[in-house]
């Protein structure tokens, strides 16, 4: 009787042989009713033994990479296609290189400009070894495999998930997809909008990982968020095996270095630097030797706000998990970058699973509806005086001028005064936040400024004051765009917003969380017709808002 094997709807027939049955048992399952063997894939060694004439490439896992042995030019092109990207960056140039006129060159030299031009650089995350093997970052292996005939063994064996009835249906679906991806590559990124319950889901996943024999490190930049992650794990019955710790504490323990010094000495995005420095003082108090535990092979990392991963300090922690063998789970409402380094996130932490949007949450009653009201701001004469010859410094000068514009600041204060409380005002400048809070207090508004120079414990005190109704308004720099959990917030005013696609979507998510008596939320966007930079950035933000169909945009 012939032997039948079905692999992804393709049928193979072999003559009866005990040796062939022994081979099939190693990768296929036999269905006694259909008398047929079934498999997801055929290992390369088995194809050779079964005389299946298809060229095959075996992926072998070793720590942070999947290794593929090939000298084939076509395969090499496929690898590079999925592991390389073009990075736009600013490069300092001479006045001669920057300017196109003699007068510009003279001014540049006299005023000691530091001109820069945007250039493109190709970054490749896969690397060729001395033995003609390609080392492909673990999180990108499946992208390559989809285009070549390759066998990939599971990175790890995991038991089936034990479903908990406390999870929402969409959380269960995300957990299942992530679990399967962990089996394949040991990594995955959960993308769920603010308010979808990422931290709660992380607590459930921690319980499941511990039941599979893993030590779980729940890591975030903010101490408050670290404790929240651990609290949710405890709600699912976790007592031992979970370590809640800040990025900065773990980095210092692993590498015996200060994260602030390292973050300033590397080529980082300004957003990463601001956030990491803001929370640098939020250290976790852990007495045990976590370094040895963290580097054990049975370690799993759950990293919140994973979009900061391209920062070398954060990436170093992820790569060190389990001495390169650990499981890695990233979480973010916006797991992508404004600087184009998205691929670095997925290379280390794996592909995205989830895709739960804010509109999905609003539609199903898990978030409140939001209106984005565009209002015209008064003009500022001091902005007109700025010389726009040197584009490299013009935007910074405009921001400083806008921050000093009395009529515009008064307009923002009046918006806050008349808005439904509590209110959060977002700006990019520390001095602007302090000035706006001062103006608001002068007209009777109970307001406080929250910036990166305010100590972490004091920031938390201010947040609690707002929750308890002691103050009505907080004026914050962009560090409040992520990780801020203040469900009572009803109104947001964007004083200076920029165009970051991560921050734009995250900040609106701060005010759509449900709260007793809260039926809707409002975001005020300012239209500055006399400031081209600001007007252009507003329209870019509006386009991002349109990606959420349940967010209503109103032009006043």
Can you pull out every residue in the range 86-143 that is within 26 Å of residue 155 (Cα to Cα), touching a residue at least 40 places away in the same chain (Cβ under 8 Å) and in a loop (DSSP other than H, G, I, E, B)?
125, 126, 129, 131, 132
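Residues are listed down the side, and each one gets a yes or a no for (1) at positive phi; (2) at pLDDT below 95; (3) part of a helix (DSSP H, G or I):
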| residue | (1), (2), (3) |
| --- | --- |
| 201 | no, no, yes |
| 205 | no, no, yes |
| 217 | no, no, no |
| 228 | no, yes, yes |
| 239 | no, yes, no |
The range 24-59 - residue that is within 43 Å of the chain's Cα centre (by Cα) and assigned to a helix (DSSP H, G or I) and, of those, farthest from residue 74 (Cα to Cα)
24
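Could you identify the single residue in 174, 156 that is closer than 26 Å to residue 310 by Cα, part of a loop (DSSP other than H, G, I, E, B) and in contact (Cβ under 8 Å) with a residue 12 or more places away in the chain?
Details: 174 fails: part of a loop (DSSP other than H, G, I, E, B).
Unique residue meeting the criteria: 156.
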Any idea how many residues of the range 83-111 are at pLDDT 95 or above and crowded, with 18+ Cβ neighbours inside 10 Å?
1
Residue count for the range 185-199, restricted to those that are under 18 Å from the mean Cα position of the chain (by Cα) and assigned to a helix (DSSP H, G or I):
2
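For the structure I just gave you, tell me whether residue 480 is closer than 22 Å to residue 396 by Cβ, touching a helix residue (DSSP H, G or I) at 6+ places or on another chain (Cβ under 9 Å), at pLDDT below 90 and surrounded by 23 or more Cβ atoms within 10 Å (Cβ to Cβ).
It is true that residue 480 is closer than 22 Å to residue 396 by Cβ, touching a helix residue (DSSP H, G or I) at 6+ places or on another chain (Cβ under 9 Å), at pLDDT below 90 and surrounded by 23 or more Cβ atoms within 10 Å (Cβ to Cβ).
Any residue at all in the range 415-424 that is assigned to a helix (DSSP H, G or I), under 15 Å from residue 526 (Cα atoms) and assigned by TED's automatic domain parsing to the domain that holds residue 477? Walk me through how you get there before you give the answer.
The first filter runs over the range 415-424 and keeps only residues assigned to a helix (DSSP H, G or I), leaving 415-418.
Next, from what is left, pick out any that are under 15 Å from residue 526 (Cα atoms): 415-416.
After this cut, where a residue has to be assigned by TED's automatic domain parsing to the domain that holds residue 477 as well, the list is 415-416.
Looking for residues that are assigned to a helix (DSSP H, G or I), under 15 Å from residue 526 (Cα atoms) and assigned by TED's automatic domain parsing to the domain that holds residue 477, one finds at least one in the range 415-424, hence yes.
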What is the one condition in (1) closer than 30 Å to residue 337 by Cα; (2) assigned to a helix (DSSP H, G or I) that residue 234 does not satisfy?
(1)
Based on this model, can you work out whether residue 531 counts as crowded, with 23+ Cβ neighbours inside 10 Å, assigned by TED's automatic domain parsing to the domain that holds residue 374 and touching a strand residue (DSSP E or B) at 6+ places or on another chain (Cβ under 6 Å)?
no
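Taking the range 14-27 only, how many residues are closer than 13 Å to residue 52 by Cβ and modelled with pLDDT under 90?
Step one: list which residues in the range 14-27 are closer than 13 Å to residue 52 by Cβ, which gives 14, 20, 23-24, 27.
Okay, now just the ones that are also modelled with pLDDT under 90, so 23, 27.
Counting residues in the range 14-27 that are closer than 13 Å to residue 52 by Cβ and modelled with pLDDT under 90 gives 2.
The values are calculated or read from the model by the stated rules, or taken from the named source; none is laboratory data. These numbers were taken from a predicted model, which means no experiment stands behind them. Cβ coordinates were reconstructed from backbone atoms using ideal geometry, including for glycine residues, and neighbour counts include every protein chain displayed.
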